[in-house]
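Below you'll find the structure, written out as structure tokens, and then a few comments.
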């Protein structure tokens, strides 16, 4: 992998070679602790653990995907966790980034598997074609299905990066001509972590890898196999427009007065109430913004089957209450409470308007 593969050693040694001081590592540890919703005291422990940890061998496989996930990860803003991820791992195979090609590229993958048997982590972006034996997506004379089974056999864990590898994504959308399935449908004897999103937030990818390297185990996962530190709250729970939702103030279109005033985009089709991700807190482009802040509703891209949910601009059946942590519960139970809140808010607003008219 040329420049992407650094000599083996500890993370501390790799950082020192790049001029990263102990103070910077402590700050980085504190940042990771905050990012993963850990106590502030965990920052020092993370820094110490990272300094002595061996760099994790990673084999990154790309299947039916658009390269958006690796593009997201490489959009670095210095100093950032995206940049530092390459100090935490030894990226031994990645088709988009590696200089090697053909037989040399495949040899790099096989050599990494042999040298780190039982210890390497497989990162996968893209869904897996299964129809007709998986012939609709192949590389190096092998189907993605064959390569996944071969590479996952002696892996420590699998990290499904992006909604395509986590849940099937766009290739899985109706009518699914290639028989696309998520990685977890194929790999059933290894731990699989789903870092969904189309694409995922860079810090979420990096933070998950950092957790693996730091603690040597999987982070706590939700019912869909996603890291709870990043997928524990809905977009709605953390959205800065939430106060407008609670007041019953909704934009009706993207160019009306409500939209110009920054009101809630629920009635414009925002899927934030039923979508779990860190977009509203971690944001994108170095913490600059996220879709709702840019004036567009959430598409729900980190959820299963988001492409086939009936339209990006179709309003959810009923408002959902923010206390619903499970997607199904939020849609069923929370809808009643949320709807009541919105109705009462509208009634209060209408009454205030009527009273104001009487005083004029």
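Just so you know, all these numbers are worked out from the coordinates, no wet-lab data involved. Please read all numbers here as calculations on a predicted model, not as lab measurements. Glycine also receives a Cβ, built like all others from the backbone with ideal geometry; neighbour counts cover every protein chain displayed.
Worth pointing out:
- Ranking of 60, 307 by neighbouring Cβ atoms within 10 Å, starting from the fewest: 307, 60.
- A protection proxy built from the mean count of other Cβ atoms within 10 Å ranks the segments 212-221, 276-285, 193-202, most packed first, as 193-202, 276-285, 212-221.
- Per-selection Kirkwood Rh - region 114-245 (Cα, Å, 1 d.p.): 15.8
- Residues residue 101 and residue 153, FRET efficiency given R0 of 22 Å [Cβ-Cβ distance, rounded to 0.05]: 0.35
- Over 22 Å [Cα-Cα, region 2-230], rounded percent: 50
- Fewest-first sequence of 242, 17 by Cβ atoms within 10 Å of each Cβ: 17, 242
- Estimated inter-spin distance, residue 288 and residue 260, nm [label 7 Å along Cα→Cβ]: 2.6
- Taking a ≥ b ≥ c as the square roots of the eigenvalues of the Cα gyration tensor, region 128-192 is oblate, since a/c reaches 1.5 or more and a/b is not larger than b/c.
- Residues 316, 26, sorted so that the one with the fewest Cβ neighbours within 10 Å comes first: 26, 316
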